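Remarks on the structure that follows.
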Amino acid sequence: MLGGVGLVFVCVPWLWCAERLGWSQRPIHLMQTFLAVPVAFIAWVVVVASGLWLAFLAYVLFGADYSWMNQK
């Protein structure tokens, strides 16, 4: 996530300057294609893995059989 934020902080001023000064925007678009898409994919994987981990914890905490703890 921090990589994506850093990429935005670099690209936005660069794109603003390119539009204002008439520079080519092709390098910015190439960087978005080859850097931003993989960063977004990694962020998506992290979100999915976190969700699966939370689902597993909920399953263990609420679905496990703790009757063995009541033995005397």
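Listing for the model above:
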item: Rg/Rh ratio calculated on Cα atoms of the chain (Kirkwood radius); result: 1.44
item: Paramagnetic label zone (point 7 Å from Cα along Cα-to-C-beta, Trp14; backbone N under 20 Å) in the range 42-66; result: 42-43
item: Acute angle (nearest 10 degrees) that the helix 2-21 long axis makes with the longest principal axis of the chain, alpha-carbon atoms; result: 20
item: Rounded tilt (10° steps) of 37-63 against the dominant C-alpha axis of the chain; result: 10
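Rule-based calculations on the coordinates, nothing more; no lab input. Not measured: the values here are computed from a predicted model. As a convention, Cβ positions derive from the backbone with ideal geometry for all residues, glycine included, and neighbour counts pool all protein chains shown.
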